[in-house]
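Working notes, structure below.
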Amino acid sequence: MPALIVIPARLAATRLPNKPLAMIGDAPMIVHVWQRAVKAGAGPVIVAAGDQPIVDAITKAGGTAILTDPALHSGSDRVHAAAEAYDPAGKFDIVVNVQGDLPTLEPNLVAASVTPLADPAIDIATVVARITIEEELNDQAVVKAALSLAPGATVGPALYFSRLLIPSGPGDHYHHIGIYAFRRAALRRFVTLKPTVLELRERLEQLRAIENGMRMAAALVDTIPLGVDTQADLDRARRLLGYA
């Protein structure tokens with residue numbers, strides 16, 4: 001399935017300003033993410049930039065970046081705008097949203113995110129990993145997915161997402177990883193929808209899709225990339241990548 005991979009990035013951030021341009025070794029973080037997405041080989045990779053300095057950084061590294069309206073409200077809006085500008089004819093039926101703050105991203109996660117779309121009934125796909133660190137179970141920074149996964153299966157319907165531990169009872173719990181593969185029509189619809197009650201309550205944008213009857217599924221993977229939100233996260237990323 002032909003896919004267009006889009007990485008949204010903007011400089012405004014409350015906890016770590018100018019985050020995409022934070023240096024990790026000799027390259028900005030956004031360049032590390034772009035390089036890893038390219039290595040996935042899942043399709044062309046572009047950066048949906050909210051600011052010109054991000055465009056300049058990606059262009060200097062040899063990539064493609066599209067400057068989007070800085071007033072756009074979300075990463076999904078930015079991804080949609082860039083996809084429409086890059087591919088107005090709709091050649092790519094799948095658009096993968098890869099967050100721009102995942103410098104330790106394993107490239108295989110990008111390809112894995114597309115696999116649930118083999119089912120034509122699925123509108124949006126994503127990836128999860130089993131929670132193996134006990135502290136994550138009650139960490140509200142770790143988003144959990146209620147996944148209906150049959151024994152031995154690696155893909156299943158994603159029924160709900162929460163910052164609290166779901167579901168109850170014995171069994172595995174799943175850490176949601178912020179990579180989304182949209183069918184093009186689903187992305188076009190999604191960005192027209194207004195924020196919903198549960199989305200605002202949980203502060204999780206993907207619930208907007210579920211509340212509007214869109215079907216989501218997740219692929220099970222075995223690695224969780226580090227999301228960089230704070231200076232401590234950035235320092236850890238530098239250590240993990242050998243730049244400490």
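What follows is calculated from the coordinates using simple rules that are stated; it is not laboratory data. Remember, it's a predicted structure, so these values are computed and weren't measured experimentally. Every residue, glycine among them, receives a Cβ derived from its backbone with ideal geometry; neighbour counts consider all protein chains shown.
Summing Cβ point charges (Lys, Arg +1; Asp, Glu -1) relative to the Cα centre of region 58-111 gives a dipole of roughly 160 debye.
When the charge dipole of the chain is built from unit charges on Cβ atoms (+1 for Lys and Arg, -1 for Asp and Glu) and taken about the Cα centre, the candidate among Ala71, Tyr160, Leu240 whose Cα reaches farthest toward its positive end is Ala71. If the chain linking Val197 and Leu67 were pulled fully straight, counting 0.36 nm for each residue of separation and taking away their Cα-Cα distance, it would gain 43.7 nm. Summary of packing: across the peptides 227-234, 134-141, the per-residue average of other C-beta atoms within 10 Å ranks them, highest first, as 227-234, 134-141.
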